[in-house]
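Structure first, then comments.
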Amino acid sequence: MADRFLCLKHSEQRHQSPPLCGGFPIEKAVSGEKQSPTDVGQTPRKSGVRRRSLRELVPDSFRYKRLTKFERNAGIMKLNGSDILIECLKEQGVDTVFGFPGGAVLNIYDALYKARNEIRHILTSHEQGASHAADGYARATGKTGVCIATSGPGATNLVTGIATAYMDSVPMVAITGQVSTALLGKDSFQEVDITGITMPITKHNYIVKDVTRLAGIVRDAFRIAKEGRPGPVLIDICKDVSAAVTEYERKELEKPQAVSLGVSETDIGEAAEIINKSLRPVILSGGGISIAGASDELAAFAEKVRIPASCTLMGLGSFPGTHELFTGLLGMHGTRTSNMAVSEADLLIAIGARFSDRVISNVKRFAPNAAIMHIDIDPAEINKNVAVNYPLVGNVKKILKLLSAKVEKRANTAWNSKINEWKQMYPLKYSNEGSLKPHYVVERIYEMTKGQALITTEVGQNQLWAAQFYKYASPRQFISSGGLGTMGYGLGACIGAQIGRPEKKVINVAGDGSFRMNCTEIATAVEYKLPIIIAILNNHVLGMVRQWQDLFYDGRFSATTIDRGTNFVALAEAFGATGINVTKPEEVDEALKKALASKDKPVLINFEIDRDDKVFPIVPPGAPIDELIEE
C-alpha cells in the first residue's frame, strides 16, 4: 500500500509540473504564476518579487528520496527510472552504448553522465549510425548491442537499423524516449507510436508507463534479445517514468535457459543413417553457425564424413574459407562449384540457414536430386521456403555434436574428386588488364592483413567483391547487411566493431553510393580516435543497379549515375581523417600500408575503378542456380 501511495504521489506531482516547451519547464519569474510558451521573454519582472531558483523549479520527481535505515540494511534503493535503467544495464554487463540525446531522454542522459566511468557512451552523428554501430558491435563480439534515441524522429531514425538487425538475427536492445504518459495519444511534440512502427521488425517491444515495471522489462528485453534465435527488442520509456522514483533491488544476471533440443535420439540416429548412406552430400552453412558458436563442431563433422561445404552470405567465416572442403558461396553470386554441387547432390544438409531467395533462386529447380535435411533453432524456418525431408529443430551446436558421434568416418570419395575437379576448372577469376580492379583491391587487403582483419561492407557490388575475394577463416569476421540489404550500413557497423574489438584492424569495404548515405559518421570515428579503414570502391555509379540495367534492361541506365564531383579525400580530411586517392594498381600497396599503420585515426582510401566492372558469377532472375552468367 505504501509503494502504491508513493507511485500515486509522484504521478500527481508530474501532472502538476509546469508546462513543457522542448522538454523543459517554463515559469514566469513572478510568485509562481505560470505562462504559456508564447509568453516567454515577454513579461517584465515585477519589482519586489523574488526570482525562483533553478533548484526550486525542478519537480520533486527528479530528486532522490532519502532511505530509511531498514531499507539501507535490506539492500533496497529508491532510484528514479533513469538510474534504474542504468543499474539494469550494468546488471547485464553493458559497458558501451551508442546514441544521440534529445528532450525525451534527458533524464536518461543525466544518469549516463553519472555512470560515465562504468558505461561508455558513443555519440554518433545520426541515430541510424547509432543503430548500425550497435549492430556491428553485437556481430563482432557476440554481445547484445545497445542504442539510445529520443522520441519522435530520433526513434524513427533507428527503424532501418532495427530492421537490419531483425533480418540477420542480431541481438540488440534499442531504448527510446517517449512523451510523458499524460501526453500520449494527443499528437504531442515529438510523439510517435514507435512500438507500433517496430512491431513487425522486433522480437518484442515495450512501452513503459509504470516505473515499478521498468527493471523487470529491461531484464526481460536482454533475455529475449539473446535467447533462441537472437534479434532486436525495443524499450520505449515515457519521460515521466524516467523521472519517477521507486524501489530498486539489484539482481544477479541469470544464466540464459537452454533451448530444448527438440529432437530425440531416434531423430539423430535416423539423420546419421541418411548421411551415412548418401553418395553426394553437400553442406550449406548459414549465419546460425556463427551465432551458436558452432564453427568447430561444423568443421569436425564435415571432416569426419568428408562432406563439401558451401555457405550463405551470412555464413561466411562459419566454415574456414581456406579449408580444402570449402566450395564458396551458394546462390545468385555463388561459385559454379557450389551451385553445381547442390544441383547434383543427393543430400543437402542446411545448418543455421533460412533458404532465402538469393540462395535458392528458382525454388522448383533448386537441389532437384537431393533430399533436404534442415537443422535450425527456429521452427518457423522449417518448410518456409523449401520443402524439407528431415527437419532437426534445436541448438545447432548440440545437434552437430550428436550427429558427429553417430555418423561413420569416411575417406574421400569419387564425389570429393569431382568437387575438386570443378574447383580447379571454375575458380573465381577476373581480368587484371586496364584500369584498377576492385577484385585486386580486395585481394591485396586480404594478403596485407594476412586474413586477420574484420571486414564490414556496404551493400551492392562492394559487398559481393568483399565476400568473394577475401578468405574468411573465422566466424564474426564478415559483417554485412544480408537480409535487408541496407545501403549506408557499413561505416556505422565498422565503428561498432572497432569499439567492440579494439585489438583488431577493422576495414569497411564500401561503394561510393552507399558511403554517401552515412558518411558523416567519419566524424564519430575521428572523435573517438578509431583507426578504421574505409576502402571506397568508387565507380561513380550505383554499381549493382547499373549492372542489372546493363544485363537485363538493355542498357537503359536510369538514375544510376552519381558522378557529382565529390572529393572523398578532401571530405575525409575536412572531418579530421586521413584521405588517400588511388588510381593505379601500383599505388594500392603503399596506400594500404599507410592505412594499416594508423593507430588512432581513421583512414579513407578512394580507389577509382571502372563503372562497367561487374560481379560474376550471377544467376539471372528466375533461372536455376546452375545456369550462371560468368562474364
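The values are calculated or read from the model by the stated rules, or taken from the named source; none is laboratory data. As the structure is a computational prediction, the values presented were derived from the model and not from experiment. Backbone-built Cβ (ideal geometry, glycine too); neighbour counts: all protein chains shown. Note: accessible area is taken over every heavy atom of the protein model, side chains too, but ligands, DNA and RNA are not part of it. Shrake-Rupley method; radii C 1.70, N 1.55, O 1.52, S 1.80 Å.
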What is the calculated FRET efficiency for residue 551 to residue 421, with r their C-beta to C-beta distance and R₀ = 30 Å, to the nearest 0.05? 0.55
Loop-resident GluC sites (Glu not before Pro) in the stretch 214-278 with no more than 12 other Cβ atoms inside 10 Å, DSSP not H/G/I/E/B, are 249, 252, 254
Straight-line reach from residue 601: which lysines have a Cα under 22 Å away, not including same-chain ones fewer than 8 places off? 450, 504, 505, 529, 593
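Expressed as a whole percentage, what fraction of the accessible surface of the chain belongs to carbon and sulfur atoms when a 1.4 Å probe is rolled over the protein heavy atoms? Please report the intermediate quantities before stating the final value.
Working: 14020 of 27380 Å².
Here carbon and sulfur together make up 51 percent of the probe-accessible area.
Per Stokes-Einstein, at 25 °C and 0.890 mPa s, what whole-number D in µm² s⁻¹ belongs to the stretch 179-235, with the Kirkwood radius over Cα pairs as the hydrodynamic radius? Display every interim value, and only then the final one.
Working: Rh = 12.5 Å.
It comes out at roughly 197 µm²/s.
Tell me, what are the semi-axes, in whole angstrom and largest first, of the equivalent ellipsoid of the stretch 93-218 as set by the roots of 5 times the Cα gyration tensor eigenvalues?
21, 18, 14
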So how far, in whole Å, is the C-alpha centre of the stretch 343-388 from the one of the stretch 459-498? 24 Å
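Compute the Rg/Rh shape ratio of the stretch 210-271: radius of gyration over Kirkwood radius, all on alpha-carbon atoms.
Details: Rg = 17.9 Å, Rh = 14.8 Å.
Reported Rg/Rh, Kirkwood definition of Rh: 1.22.
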Mind pulling the angle between the C-alpha long axis of helix 543-552 and the longest principal axis of the chain? Nearest 10 degrees, somewhere in 0 to 90. 50 degrees
Among the GluC sites (Glu not before Pro) in the stretch 391-453, which ones are in a DSSP loop with at most 16 other Cβ atoms within 10 Å of the Cβ? Mind listing them? 408, 433
For the stretch 249-320, compute Rg over Rh where Rg is the Cα radius of gyration and Rh is the Kirkwood radius from the inverse mean 1/r over Cα pairs. 1.11
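Expressed as a rounded percentage, what relative contact order does the stretch 175-293 have, with Cα pairs under 8 Å and six or more residues apart?
Values: 107 pairs, mean separation 32.2, N = 119.
Relative contact order of the stretch 175-293: 27 percent.
In the stretch 317-371, how does Rg compare with the Kirkwood Rh, expressed as the Rg/Rh ratio over alpha carbon atoms? Show your work: numbers first, answer last.
Working: Rg = 11.1 Å, Rh = 11.8 Å.
Ratio of gyration radius to Kirkwood radius for the stretch 317-371: 0.94.
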Quick one: give the max-minus-min coordinate of the C-alpha atoms of the stretch 188-299 along each principal axis, largest first, in Å. 65, 32, 23
If DNA, RNA and ligands are ignored and the probe is 1.4 Å, what is the ranking of 484, 596 by accessible area, most exposed first? 484, 596
Cα-based Kirkwood hydrodynamic radius, the chain, one decimal, Å: 26.7 Å
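Using only alpha-carbon positions, what ratio does the radius of gyration of the stretch 213-364 give when scaled by 2.2 N^0.38 Å? Mind dumping the intermediate values first?
Numbers: Rg = 21.0 Å, N = 152, 2.2 N^0.38 = 14.8 Å.
Ratio of Cα Rg to 2.2 N^0.38 Å: 1.42.
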Mind pulling the angle between the C-alpha long axis of helix 2-15 and the longest principal axis of the chain? Nearest 10 degrees, somewhere in 0 to 90. 80 degrees
Could you tell me what % of all Cα pairs in the stretch 460-523 have separations over 15 Å? 52 percent
Value in Å of the Kirkwood radius, where the stretch 274-358 supplies the Cα pairs that are averaged: 12.5 Å
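Rolling a 1.4 Å sphere over the protein heavy atoms, what is the accessible area per residue of the chain, to the nearest Å²?
Numbers: 27380 Å² over 631 residues.
Accessible area per residue: 43 Å².
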Quick P(r) readout (the stretch 456-593; Cα-Cα; 10 Å bins; whole %) gives 11, 40, 36, 11, 1
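Return the calculated 222 nm mean residue ellipticity for the chain, to the nearest 500 deg cm²/dmol, obtained by summing -39500 (n - 2.57) across DSSP H runs with n ≥ 4 and dividing by the residue count. Don't skip to the end; give the middle numbers.
Values: 26 runs with 232 residues, N = 631.
Roughly -10500 deg cm²/dmol at 222 nm, from the helical runs in the chain.
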For 594, 505, what's the largest-to-smallest order of accessible area, 1.4 Å probe? 594, 505
Starting from 0 in steps of 5 Å, tell me what percent of the Cα-Cα pairs of the stretch 560-609 lands in each bin. 5, 20, 26, 24, 16, 7, 2, 0
Those aspartates and glutamates that a straight Cα-Cα span of less than 16 Å connects to residue 203, excepting residues fewer than 8 apart in one chain: 135, 168, 220, 227, 236, 378, 381
Quick one: compute the contact order of the stretch 479-549, relative version, from alpha carbon pairs under 8 angstrom and 6+ residues apart, as a percent. 35 percent
Over the stretch 548-631, with a single point scatterer placed on each C-alpha, what log10 of the ratio I(q)/I(0) does the Debye formula yield at q = 0.13, 0.17, 0.19 1/Å? -0.67, -0.86, -0.92
State the Cα centre-to-centre distance between the stretch 244-311 and the stretch 517-570 in whole Å. 37 Å
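Normalising by the residue count of the chain, find the relative contact order in percent from Cα pairs under 8 Å and 6+ residues apart. Before the final figure, lay out the partial values.
Working: 1332 pairs, mean separation 77.9, N = 631.
The value is 12 percent.
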One quarter of the C-alpha convex hull surface, i.e. the mean projected area of the stretch 408-507 in nm², amounts to 9.6 nm²
Antiparallel DSSP beta bridges within the chain, percent to nearest 5: 10 percent
